[in-house]
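Below: the structure, in structure tokens.
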Amino acid sequence: MARIVRPTAYGTPDVLGVFELRIPRPAFGEVVVGVRAAGVNPIDWKLYSGTFHTVDDAHKDTAGVAADALPALGLECAGVVTAIGAGVTGVELGDEVIVHPVTAAYADYVTAPVTSLTPKPATLSWEEAAGLMLSGTTAAHTLHAVSLGRGDTVLVHGGSGGAGLMAVQLATARGATVLATAAERNHDLLRELGAVPVVYGPGLLERVRAAAPDGVTAAVDCAGTDEALDVSLELVADRARIASVVGSDRRVTAGVKVLGYGPGQDAGTEVRMAARAGLAAGAGAGELRVLIESCYPLYEAAQAHKSGIAGHAPGKLVLVP
Ligand SMILES: NC(=O)c1ccc[n+]([C@@H]2O[C@H](COP(=O)([O-])OP(=O)(O)OC[C@H]3O[C@@H](n4cnc5c(N)ncnc54)[C@H](OP(=O)(O)O)[C@@H]3O)[C@@H](O)[C@H]2O)c1
């Protein structure tokens, strides 16, 4: 038997339960991976908290789509291949892999299409490997969307978060000048990664102007606040060079690029899939840091979510089965 964590209802993290299942078997083109660590991301609690679904008793969301089942949790993990389905080539039992995209990775075992596997660099811990891809591919997508390159000055909102830390590092590697918003306690870390830190909150526009007197050419919003949108619109002349990973009506109306999986958003599937090998290579070579804030046992997923919702020190939260 194998354990899986999933919500029992829509609500707070207290709705999460641990259930036993048979160890899954791979279908055609799939593998089964024994999970060694699973990354935790805000999307995980948004899926069952009501962020995306204003649900009624019949589990109808705001778009009127009936949710037959509560969502599976866990969109990234790292582990060892334990079973291989028909039609799969190039993978051996015992291979150490990063798995993303995937669903239901909050578990001892997960099934995934072989296309979701990236070899795990030996130099990465299980926790680092588990926390690399969702934030990393998202950040790569943002920089692609705003066509970031050498000579640009980019403002990363939420630069101390999972996605933001990746965006800061990848933008620096592209030769851009990087400004990043964060709470003051996280500024030393951002400086270490090559960014100019700026405190978010009232007066942000003036602080950024003072820190970038020659102007800002692009903005990446990993914070999702009205302030992040307003400051980006004020500073960046070309709206096509503002990308947000947090959807909102105002962002759509303003004509900035909204990246993600909601209606009308750009999922960037090809860009994200293509970014995985480079992210693994960069992290494996020590050029891209995956910070780990805390590891929780799988059965304490609710605690991890409470910490994520409350806000925490920089770095990924990771579940370890
Ligand atoms: N569309 C996509 O594909 C996609 C992918 C990944 C993430 N996301 C979304 O992007 C957001 C960030 O995800 P994450 O994993 O980076 O989360 P995270 O690790 O929890 O980071 C949150 C960030 O927000 C900052 N922050 C908190 N309050 C703020 C405020 N009032 N103003 C500005 N910044 C503030 C935090 O800064 P301090 O800690 O320094 O206070 C931190 O940098 C989430 O909403 C997530 O759902 C979307």
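The values are calculated or read from the model by the stated rules, or taken from the named source; none is laboratory data. Note that this is a predicted model, so its numbers are computed, not measured. As a convention, Cβ positions derive from the backbone with ideal geometry for all residues, glycine included, and neighbour counts pool all protein chains shown. These area figures cover heavy atoms from the full protein model, side chains too; ligands, DNA and RNA do not enter into them. Shrake-Rupley method; radii C 1.70, N 1.55, O 1.52, S 1.80 Å.
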Review point. Using modelled amide H (1.01 Å from N, peptide plane; none on Pro or chain starts), what sits under 5 Å from the amide H of residue 83, excluding residues fewer than 5 places away?
Key: 32
Check your understanding: So how many Å³ per residue does the convex hull of the Cα atoms of region 261-321 work out to?
Key -> 139 Å³
Check your understanding: Of the GluC sites (Glu not before Pro) in region 228-321, which ones lie in a loop per DSSP and count no more than 15 other C-beta atoms within 10 Å?
Key -> 287
Check your understanding: What is the P(r) of the chain, as percent of Cα-Cα pairs per 10 Å bin from 0?
Key -> 6, 26, 33, 24, 9, 1, 0
Point to revise | Under-5 Å amide H pairs with residue 260, H placed in peptide plane, nonlocal only | key: 266, 267
Practice item. Run the accessible area of the chain with a 1.4 Å probe and give the carbon-and-sulfur part as a rounded percent. Key: 53 percent
**Study point:** Per residue, in Å², the accessible surface of region 134-258 once ligands and nucleic acids are set aside, probe 1.4 Å
**Key:** 40 Å²
Check your understanding: With θ set to phi - 60° and the Karplus curve 6.51 cos²θ - 1.76 cosθ + 1.60, what are the ³J(HN,Hα) couplings of region 148-159 in order, to the nearest whole Hz, using x for Gly and Pro?
Key -> 6, x, 4, x, 7, 10, 10, 9, 9, 7, x, x
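Name the helices (complete DSSP H segments) of the chain with a Cα length along the long axis of 27 Å or more and a Kyte-Doolittle mean of at least -0.5, or state none.
Working: long enough: 126-145 (30 Å, 0.21).
Sorted by number, the helices that extend far enough and score high enough are 126-145.
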Point to revise | Proximal charge balance of residue 37 [Cβ under 15 Å; K/R count +1, D/E count -1] | key: -4
Check your understanding: Using the Karplus equation 6.51 cos²θ - 1.76 cosθ + 1.60 (θ = phi - 60°), what ³J(HN,Hα) coupling, rounded to whole Hz, does each residue of region 255-263 give in order, writing x for Gly and Pro?
Key -> x, 8, 7, 9, 10, x, 10, x, x
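Taking only C-alpha pairs under 8 Å that are 6+ residues apart, what is the relative contact order of the chain in percent? Can you show the working numbers first?
On the way: 722 pairs, mean separation 58.4, N = 321.
Once normalised by length, the contact order is 18 percent.
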Review point. Using just the C-alpha positions of region 119-166 as equal point scatterers, what log10 of I(q)/I(0) does the Debye formula give at each q in 0.26, 0.32 1/Å?
Key: -0.98, -1.19
Practice item. Quickly work out the residue 214-to-residue 3 label distance, labels modelled 7 Å from Cα along the C-beta direction, and quote it in nm with one decimal. Key: 5.4 nm
Review point. Given region 134-258 reduced to its alpha-carbon atoms as identical point scatterers, what log10 I(q)/I(0) does the Debye formula return at q = 0.12, 0.18, 0.19, 0.23 Å⁻¹?
Key: -0.34, -0.82, -0.93, -1.46
Exercise for review: Quick one: check the C-alpha center-to-center distance for region 63-122 versus region 163-199, whole angstrom.
Suggested key: 31 Å
Point to revise | Listed residues 257, 46, 120, most fluctuating in the chain (Gaussian network, C-alpha, under 10 Å) | key: 46
Practice item. Among the listed pairs 257/316; 46/306; 120/257, give every one whose C-alpha distance is greater than 20 Å. Key: 257/316; 120/257
